[in-house]
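All remarks here apply to the structure that follows.
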Amino acid sequence: MKKLALFLLLVGSWACKEKETPQAPNVLFLFADDQRADALGISGNPYIQTPTLDQLAKDGSRFTHAYVMGGNHGAICMASRAMLFSGQNLFRVYDKLQGVNTMTMDFAQAGYTTFGTGKWHNEKEAFEASFQQAKNVYLGGMANHYDLPLRDFGADGKLGEPTQKGYSTEVFAQSAIEFIQSQKDSAKPFFCYVAFTVPHDPYSPEASYINRYLDGSIPLPKNYMPFHPFQFDQLTVRDENLTGWPRKQEVIQMILSDYYALVTHLDSQIAKIIQALKESGKYENTIIVYAADNGLAVGSHGLLGKQNLYEHSMRIPLIIQGPGVPKGKEFDAFAYIHDLYPTLAELAGLPKKENLEGKSLVPVLKGEQESVREVMFTAYRHTVRAIRDKKWKFIRYPERDYSQLFDLENDPDELHNLVEDSAFQVQKEKMISLLLESQAQVGDTVSFTAKVIKPMAYNPDTLKRKPDQWQPEYTLMRYFREN
C-alpha cells in the first residue's frame, strides 16, 4: 500500500507539473494598409480617435521608429508583405513569395494552427502554402472596400472562386472572430493573420462613419505643399492621381477626414476581435501585433502616396502586446517590418533561424539592448535611396544627381535641405559613406549617380489623371467630378 501511495503521489506531482507547463503563446497579427505612423492617438495626434489601438499600446510596447525598407515598384505593399513573411530585405525577396519559406510555415511546423483572412498581395500559391485555414481572402492590391471579391479555402486547401460580400473591414474582423471562437477549446496554439484593406484608398469609409470627421476639421500636415518641388520619378503613379495639381488645401483636408474615418472604423472592429479573444479565454496568452505595410503622404511634400522616401511614407505604426512584452513602453529603436518574423519566432520559443535578414527585437523588449540597428536604409525603385540615423537623414536621387540632407532632430518634417550648407559638409560625407555601406550590405547595385541625368523641373499643368475602376460612387463624386 505504501508503494501504491508513493506511486500515486508521484503521478499527481507529474500531473501538476504538466499543468504548470505554459502553452506556447498564440499570435494575433493585425495588419493595416497604408497607415501613417502618426495616424494614431497615442502617437500624439489629438485629432484622430483610436481608443482600442491606444490601449493596446498602453498594455504593451510601441516602436516609434519602425519602417518598411521600400519597394521595387509603385505597389509598395507587395514588397512590404514579402519582406514581412520571408524575414528578408527588399533586395533578397523583392515582391515574390512563391517557393519561399514563410513565417507562418515555421509556426505550423512548430504545432500552430495557422489562419489567414484579408488582403494577400503576393502569389495565390504562396498563400495556400502559408496557411492551414483561410476565409474571406482578397487576392490583389487596390479594392473597393464595399465590393471585394473574397475567397475561402476549399476541402483541398486551395482558395476557391471569389464572391462579393460586405464592407471589407467588417468582413475580415468577423472572419477573425469566428476563427478565434473555433479555437476556444483547442489545446494547440494559433497564428491568426488579419490583413485589412484600409486605410488604403478609395477614401470611402463605411457608411455610418462618413462625416465622422467634418471636412476642414483636420489641420493640414506641417509639411503640406501644393506641389512637390521637383520631379524625381513618375509623379502620376497611381496614388498621386487621387486629386489634382495644385493640391488644394480644402481637398487635402477632405482626404484626411475620410482617411481618419477609415482608421477609426478599423479601430472599432479591432475592439471586437480583442473582445472575442478575451471571451475565448486566450487573451492573456496571446501576442498581439498591430502594424502597417507602409505609410502615406496624404498631402505632405505635395504628394499623396507612398512612392517616396520621406518619413511619412516609409514609417509605420508598430505595437506589440502580450507574453514576454513589457507594458507601457515606448522604444525609439529602429525596426524594419521584416524584423517581426524573427521577433515573433523568439517570443513564441521557435528554433532560431540563421538565414533571416530581419533581426529579433526581443533584446530591446527585454531591456538587454537599446537597439538592433544603428541606421535605417530605404529604397524606391532605381530612383531614390535614403539613409538615416537618430539625427540625420540623407536622400539621394541618382537620376537627378540631387541630394537632400535633413536634421531630423530639429526638422522632423523634412523641410530644410542642408546639403549645400558648408557648415554640414562633414555630416553630408558621413551620411554618403553610410548609404554606400548599406547598399553593399543589402545587395543594392544602383549607382550613386545615373549615367543619364534627367531634369528636375516639370510643369504640373501637364499632369493628367483619371479614376481607376475601383473608385466607388462616393469617391467619384467627392474627388473626381467636383475637384
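For the range 193-234, the set of residues classified as β-branched (Val, Ile, Thr) and either within 30 Å of residue 403 (Cα to Cα) or not in a loop (DSSP other than H, G, I, E, B) (or both) consists of 194, 197, 198, listed by residue number.
For first residues located in the range 348-365 and of a type in the set (Lys, Arg), partners that are in a helix (DSSP H, G or I) and at pLDDT 95 or above and lie 6+ apart or on another chain with Cβ distances below 6 Å form the pairs 359/339.
Restricting the search to the range 371-381, which residues are within 15 Å of residue 76 (Cβ to Cβ) and not polar (S, T, N, Q)? Outline the logic, then answer.
Looking only at the range 371-381, we keep the residues that are within 15 Å of residue 76 (Cβ to Cβ), and these are 378-381.
The answer is 379, 380, 381.
Closer than 25 Å to residue 286 by Cα, among the hydrophobic types (A, V, I, L, M, F, W, C) and assigned to a loop (DSSP other than H, G, I, E, B): does that describe residue 325? Criteria met by residue 325.
Let's see how each residue does on (1) surrounded by 12 or more Cβ atoms within 10 Å (Cβ to Cβ); (2) farther than 26 Å from residue 113 by Cα:
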site: 154; (1), (2): no, no
site: 161; (1), (2): no, no
site: 177; (1), (2): yes, no
site: 199; (1), (2): yes, yes
site: 204; (1), (2): yes, yes
site: 215; (1), (2): yes, yes
site: 225; (1), (2): yes, yes
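Scanning the range 24-57 for residues that are part of a loop (DSSP other than H, G, I, E, B), farther than 29 Å from residue 441 by Cα and either touching a Phe, Trp or Tyr at 6+ places or on another chain (Cβ under 6 Å) or among the hydrophobic types (A, V, I, L, M, F, W, C) (or both) yields 24, 39, 40, 48. Picking from residues in the range 356-390 that are among the aliphatic types (A, V, I, L, M) and part of a loop (DSSP other than H, G, I, E, B), the one that is surrounded by the fewest Cβ atoms within 10 Å (Cβ to Cβ) is 375. Taken together, the criteria exclude residue 468 from residues that are assigned to a loop (DSSP other than H, G, I, E, B), of a type in the set (Asp, Glu) and buried (at least 16 other Cβ atoms within 10 Å of the Cβ).
At pLDDT 95 or above, in contact with a strand residue (DSSP E or B) (Cβ under 8 Å, 6 or more places away or on another chain) and under 23 Å from residue 269 (Cβ atoms): does that describe residue 117? Answer is yes for this residue.
Residues that are of a type in the set (A, V, I, L, M), within 30 Å of residue 327 (Cβ to Cβ) and in contact (Cβ under 8 Å) with a residue 24 or more places away in the chain: list the helices (runs of 4 or more DSSP H) wholly contained in the range 58-113 that include at least 3 such residues.
Details: elements: 76-86, 90-93, 103-109.
Those helices (runs of 4 or more DSSP H) do not exist here; none qualify.
Residues 353, 430, 393, 451: which one is surrounded by 17 or more Cβ atoms within 10 Å (Cβ to Cβ) and either of a type in the set (Lys, Arg) or in a loop (DSSP other than H, G, I, E, B) (or both)? Write out each step before concluding.
Working: 353 fails: surrounded by 17 or more Cβ atoms within 10 Å (Cβ to Cβ); 430 fails: surrounded by 17 or more Cβ atoms within 10 Å (Cβ to Cβ); 451 fails: surrounded by 17 or more Cβ atoms within 10 Å (Cβ to Cβ).
So the residue among 353, 430, 393, 451 that is surrounded by 17 or more Cβ atoms within 10 Å (Cβ to Cβ) and either of a type in the set (Lys, Arg) or in a loop (DSSP other than H, G, I, E, B) (or both) is 393.
All conditions in (1) without any contact (Cβ under 8 Å) to a residue 40 or more places away in the chain; (2) surrounded by 16 or more Cβ atoms within 10 Å (Cβ to Cβ); (3) part of a helix (DSSP H, G or I); (4) of a type in the set (A, V, I, L, M) hold for residue 440, with the sole exception of (2).
The values are calculated or read from the model by the stated rules, or taken from the named source; none is laboratory data. Here the structure is a predicted model, which means the values were calculated and not measured. Ideal geometry is used to build each Cβ from the backbone, glycine not excepted, and the neighbour counts take in all protein chains shown.
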